[in-house]
Amino acid sequence: MTAAAPTPYTPDEMMTIAAARMLWPGCVCFVGIGVPSAAANLARLTHAPDIVLIYESGTIGTRPHVLPLSIGDGELAETATAVVPLPEIFSYWLQAGRIEVGFLGAAQIDRFGNLNTTVIGDYAKPKTRLPGAGGAPEIALHARQTFVVLKQSPRSFVEKLDFCSSAGFLGGHGERERRGIAGAGPQVVITDFGVLKPAAESQELTLVARYENVNIEAIKAATGWPLLVAASVDVIAPPTPVELQTLRDLHERTRAAHAGTRTAAGLAKVGTEA
Amino acid sequence: MILGSLREVIAEFVRDGQSIALEGFTHLIPFAAGHEIIRQQRRGLHLIRMTPDLIYDQLIGCGCASALTFSWGGNPGVGSLYRLRDAVENSWPRGLAIHEHSHAGMAAAYTAGAARLPFGMLRGYAGTDLPQHNAQVREVVCPYTSESLATVPALNPDVTVIHAQRADRHGNVVIQGIVGAQKEAALAAKQLIVTVEEVVDTLDAPMNAIVLPHWVVTALAVVPGGAYPSYAHGYYPRDNAFYQRWDHIARDRATFAEWIERHVLRTRDHEEFMQKLEAESDPPARQPSALSPQPSASA
């Protein structure tokens with residue numbers, strides 16, 4: 001018996017697809033730019049067509065045909081159910097607890113899911129100044145739970161953050177709850193190696209699942225602290241042909257749309273409409 | 001409301017050492033006004049904006065700013081603002097004091113400013129290192145529930161500049177689409193400068209649209225394409241390719257300086273800036289009528 005050879009895929013594609021699978025039909029999801037945006041739209045284009053995507057630019061229930069380059073591309077407004085002012089999105093929608101999942105990326109994460117998007121090195125004299133926290137500090141507080149997606153390496157999975165931009169479980173062991181923070185915090189971390197979830201008592205991130213071609217020793221080596229590993233580590237199913245094709249089509253039309261060169265003064269209609 | 005050329009308006013109302021917010025959340029970013037501030041070589045500005053992007057990178061790289069209040073400073077979807085980074089990391093071309101917030105904090109500060117309240121309040125910043133590095137982020141205890149809440153001082157810029165789609169002949173202004181915190185920043189300001197795509201006989205704004213009445217507008221200038229390379233919904237889309245190109249231009253001090261010299265300092269106004277970019281573009285311009293409005297994709 002011969003089976004069709006499975007289509008090869010990249011670790012980045014697997015990460016995006018694994019992240020998309022975490023979202024459910026009808027889920028109200030606050031989306032960041034980058035992998036979270038790709039994953040959330042992949043979910044919408046596959047198993048969760050009625051997912052409600054909210055971008056912090058104030059676009060509620062948006063259904064972009066191509067991934068936005070920025071958080072406020074016109075595409076997001078044109079395809080949204082509603083477009084609201086920015087102070088409103090953070091107060092009436094996020095702070096009020098209407099968001100089920102906040103989907104975040106980061107430059108660094110620690111074992112308790114605290115995130116750094118601010119600086120590498122000293123704050124006053126940074127080695128690398130990153131863009132900063134943006135909407136993340138309050139997404140991390142008020143979304144009923146957060147999912148974090150980032151590539152795993154000793155540089156990103158660190159023993160100690162250079163700067164805490166958004167709260168995860170802080171020092172763990174219930175510190176977040178004791179401080180009265182409403183949301184349940186980072187319940188899932190999706191990487192290019194597998195999936196981590198907080199341990200029941202300590203809230204320390206624990207490897208619970210891995211991709212099919214990845215071994216646990218490699219995952220430990222990609223972590224800047226001694227990684228906790230669940231007694232039984234699940235193996236995540238590889239991408240289905242539909243998932244892979246849908247993701248690749250999405251990236252392809254996005255690339256084509258954003259590469260559109262435009263005569264500056266002509267402001268010709270190229271770009272978001274491609 | 002004073003109607004003038006952008007050059008006249010900036011000369012009259014933007015002074016060295018002021019606090020100034022050129023607001024816009026990806027959409028309707030007042031690029032032309034920022035370029036005019038660079039041409040007129042203002043110095044010591046305290047720049048305020050939630051999402052300083054390319055125009056703030058340019059102002060900072062040209063040495064116009066001494067301080068920045070912000071919540072996210074990057075090239076959206078592309079990466080770093082290299083001129084901002086160079087100022088923070090290496091004090092080039094001069095040091096830049098930074099007052100860093102979250103988006104929710106900045107939004108609360110503008111909202112308080114617009115309402116002329118002393119501070120904005122939110123459930124925010126908890127567990128982060130931001131309050132350690134920004135002494136303006138403090139706490140207040142709710143007199144009703146005893147809950148501790150984060151506070152930020154109101155933002156009341158000396159000048160706010162926004163770009164809008166349209167004004168009518170009286171100077172009433174309407175903005176549509178992704179509106180960010182422009183209404184709050186506009187009403188928080190001591191003086192409000194507005195650039196618009198066009199002036200029309202009748203505004204025809206939907207009843208609940210964001211309209212800034214003429215008597216809160218200090219000065220108005222008509223600048224077609226004034227938000228380019230960001231966009232004006234219903235007029236022209238965002239030039240994402242330019243944002244990607246900026247990554248290469250701004251990475252290097254010399255390349256940046258050459259670009260600014262050629263495109264901003266040596267151009268008379270926004271129209272000439274656009275003509276220069278058009279002349280360099282490949283393929284060459286196909287549309288002789290430079291800035292004719294296009295129908296909105298949602299129309």
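Any read-out appearing in this document is the output of simple, stated calculations on the displayed coordinates, not a laboratory observation. Here the structure is a predicted model, which means the values were calculated and not measured. FYI the Cβ positions are ideal-geometry reconstructions off the backbone, even for glycines, and counts take in every protein chain you see.
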So for the pair A:R144, B:E261, with labels modelled 7 Å out along Cα→Cβ, what separation do we get in nm? 5.9 nm
State to the nearest 20 debye the size of the charge dipole of chain B about its Cα centre, where the only charges are +1 on K and R beta carbons and -1 on D and E beta carbons. 380 debye
Could you state the number of Å between the C-alpha centres of the stretch A:223-263 and the stretch B:246-281? 36 Å
Over all directions, the stretch A:1-115 yields a Cα convex hull whose mean projected area in nm² is 9.5 nm²
Checking the cross-link filter: which lysines have an alpha carbon closer than 26 Å to that of A:K220, excluding same-chain neighbours under 8 positions apart? A:K151, A:K160, A:K197
Assertion target for A:Y55, A:Y92, B:Y144, B:Y235, ordered by fewest C-beta neighbours within 10 angstrom first, is B:Y144, A:Y92, B:Y235, A:Y55
Counting only DSSP beta bridges with both residues in the stretch B:1-155, what percent are antiparallel, rounded to the nearest 5? 45 percent
Amide H contacts of A:T206 (H built 1.01 Å from N, under 5 Å, at least 5 apart or other chain): A:K197, A:A199
What are the ³J(HN,Hα) values, in whole Hz, obtained from phi via the Karplus relation 6.51 cos²θ - 1.76 cosθ + 1.60 with θ = phi - 60°, for each residue of the stretch B:74-79 in sequence order, with x given for Gly and Pro? x, 8, x, x, 10, x
Within 10 Å of each Cβ in peptide B:232-239, how many partner chain Cβ atoms are there on average? Round it to a whole number, please. 6
Work the Kirkwood hydrodynamic radius out for the protein assembly as shown: mean of 1/r over every pair of different alpha-carbon atoms, inverted, in Å. 24.3 Å
DSSP loop trypsin sites (Lys or Arg not before Pro) in the stretch B:216-268 with at most 14 other Cβ atoms within 10 Å of their Cβ, which ones? B:R266, B:R268
Across peptide B:113-119, how many C-beta atoms of other chains are within 10 Å of each residue C-beta, on average? 0
May I ask for the equivalent-ellipsoid semi-axes of the stretch A:11-255, computed as the square root of five times each C-alpha gyration tensor eigenvalue and listed largest first in whole Å? 26, 23, 17
Using eta = 1.567 mPa s and T = 4 °C, Stokes-Einstein with Kirkwood Rh from Cα pairs puts D for the stretch A:179-226, in µm² s⁻¹, at 109 µm²/s
By what distance, in whole Å, do the Cα atoms of chain B stretch along each of the three principal axes, largest value first? 64, 48, 36
Pairwise label distance in nanometres, B:L149 with A:A256, each label 7 Å out on the Cα-Cβ vector: 5.0 nm
Take the Cβ-Cβ distance between B:R251 and A:E88 as r, set R0 to 41 Å, and report the resulting FRET efficiency rounded to the nearest 0.05. 0.65
1/(1 + (r/R0)^6) with r = Cβ-Cβ of B:V140 and B:A279, R0 = 56 Å, i.e. FRET efficiency to nearest 0.05, evaluates to 0.50
For the charge dipole of the stretch B:115-202, defined by +1 on Lys and Arg C-beta atoms and -1 on Asp and Glu C-beta atoms about the Cα centroid, which residue among B:A150, B:G127, B:A189 has the Cα displaced farthest towards the positive pole? B:A150
The extension gain from A:Q245 to A:E175, computed as 0.36 nm times the residue separation minus the Cα-Cα distance, is 20.9 nm
Most exposed to least, judged by fewest other Cβ atoms within 10 Å, B:E278, B:E36, A:E212 sort to A:E212, B:E278, B:E36
Charge dipole of the stretch B:168-247 built from unit charges on the beta carbon (Lys, Arg +1; Asp, Glu -1), centred at mean Cα; most positive-end Cα among B:V216, B:Y235, B:A205 is B:V216
Using the charge dipole of the stretch A:11-255 (Lys, Arg: +1 at Cβ; Asp, Glu: -1 at Cβ; taken about the Cα centre), state which of A:L115, A:G185, A:F30 has its Cα farthest towards the positive end. A:L115
Please give the Cα centre distance for the stretch A:1-52 versus the stretch B:189-219, rounded to the nearest Å. 42 Å
From phi via Karplus (6.51, -1.76, 1.60), per-residue ³J(HN,Hα) for the stretch A:103-110 in Hz, x at Gly/Pro: 10, 10, x, 6, 8, 9, 9, 10
Per residue of A:79-87, count partner chain C-beta atoms within 10 Å of its C-beta, then hand back the mean as an integer. 6
For the protein assembly as shown, give the share of DSSP beta bridges that are antiparallel, in percent and rounded to the nearest 5; count only bridges with both residues there. 40 percent
Could you work out how far the C-alpha centroid of the stretch B:53-131 sits from that of the stretch A:102-149, in angstrom? 16 Å
In the stretch A:11-255 the DSSP beta bridges are antiparallel at a rate, in percent to nearest 5, of 45 percent
